[in-house]
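The structure appears right after this line, and notes come after that.
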Amino acid sequence: MHMPSKIVCVGRNYLEHAKELGNDVPSQPLLFLKPPSCVIGAWEAIVLPPQSQQVEYEGEIGVILGERLRHADEATAIGAIGGLVAVNDVTARDLQKTDGQWTRAKGFDTFCPMGPVFRGALPPLDAIEVVTTVNGVERQRGTSAQMAFSIAFLLSYISGIMTLEPGDLVATGTPAGVGRLAPGDTVRVELKGLSAVENVVRAPAA
Ligand code: ZN
């Protein structure tokens with residue numbers, strides 16, 4: 001399984017998703033980190049932590065770095081993309097609201113399912129489609145064209161803050177339609193034609 005040295009995530013990068021949670025799109029990208037320890041692969045279980053009563057899926061387009069990136073312009077950033085991957089930015093929504101920081105809400109073990117990394121020829125970066133289904137029912141559908149901040153802009157922006165290493169993951173935000181997961185659910189995030197990750201949801205061990 002692919003293991004990034006860090007996972008940089010972008011909050012509120014789709015207008016309709018920002019609005020569904022009562023927020024605006026920020027004037028600059030809103031960044032947070034998930035710990036690499038929360039990564040799981042396809043068919044490993046998402047475990048609902050006892051600390052939360054509201055765990056939600058967030059299907060996202062993930063970008064894997066192929067080269068080190070530091071203070072890069074957008075063209076350089078595009079050239080450093082090593083692959084694309086389906087990501088589920090699993091979130092304890094109740095803890096996200098009560099905690100000032102999102103580390104706990106976003107950082108539980110199993111909260112970052114990742115599919116196999118697509119390393120073929122890149123599609124147009126404004127035409128990547130992400131679809132989330134729960135128990136076979138479509139819940140989210142978005143494309144990178146709807147992002148407030150483009151993939152190239154995000155990579156350039158992040159590289160002005162922290163060095164991105166080969167293998168690092170940037171999760172570029174979720175479209176509208178987030179919702180709750182329950183024990184027994186099967187949740188699937190797919191980047192059309194590129195990568196998919198499907199996981200069952202489990203209650204915490206007693
Ligand atoms: Zn997210």
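The values are calculated or read from the model by the stated rules, or taken from the named source; none is laboratory data. A quick note: this is a predicted structure, and the numbers were derived from the prediction, not measured. Virtual Cβ from ideal backbone geometry, glycine too; neighbours counted across all protein chains shown. Side chains are part of the model used for accessible areas, which takes the heavy atoms of the whole protein and leaves out ligands, DNA and RNA. Shrake-Rupley method; radii C 1.70, N 1.55, O 1.52, S 1.80 Å.
Quick look at the values:
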| quantity | calculated |
| --- | --- |
| R0 of 25 Å, Cβ-Cβ distance residue 163-residue 99: FRET efficiency to nearest 0.05 | 0.35 |
| Solvent exposure, largest accessible area first (probe 1.4 Å, DNA, RNA and ligands not counted), of 143, 98 | 98, 143 |
| Isolated Cys in the chain, by beta carbon distance under 4.7 Å | 9 |
| Area of residue 161 that stays accessible when all protein chains are in place (1.4 Å probe, Å², to 10) | 90 Å² |
| For residue 181, distant residues with modelled amide H under 5 Å away | 55, 56, 57 |
| Highest-first arrangement of 104-112, 84-92, where packing means the average Cβ count within 10 Å | 84-92, 104-112 |
| Probe 1.4 Å, accessible area per residue of the chain, Å² | 42 Å² |
| Percent of Cα-Cα distances greater than 32 Å, calculated over the chain | 8 percent |
| Heavy-atom accessible surface of the chain: percent carbon and sulfur, 1.4 Å | 52 percent |
| Potential lengthening between residue 45 and residue 23 on full extension [0.36 nm per residue; Cα-Cα distance subtracted] | 4.9 nm |
| Sorted peptide list for 31-40, 170-179, criterion being average Cβ within 10 angstrom, highest first | 170-179, 31-40 |
| Helical mean residue ellipticity (222 nm; -39500 (n - 2.57) per DSSP H run of 4+; nearest 500) of the chain | -3500 deg cm²/dmol |
| Only Lys, Arg (+1) and Asp, Glu (-1) charged, at Cβ; region 1-95 dipole about Cα centre in debye | 300 debye |
| Separation of alpha-carbon centers, region 149-206 and region 46-61, rounded to whole Å | 12 Å |
| Calculated FRET value between residue 202 and residue 145, using beta carbons and R₀ = 45 Å, to 0.05 | 0.80 |
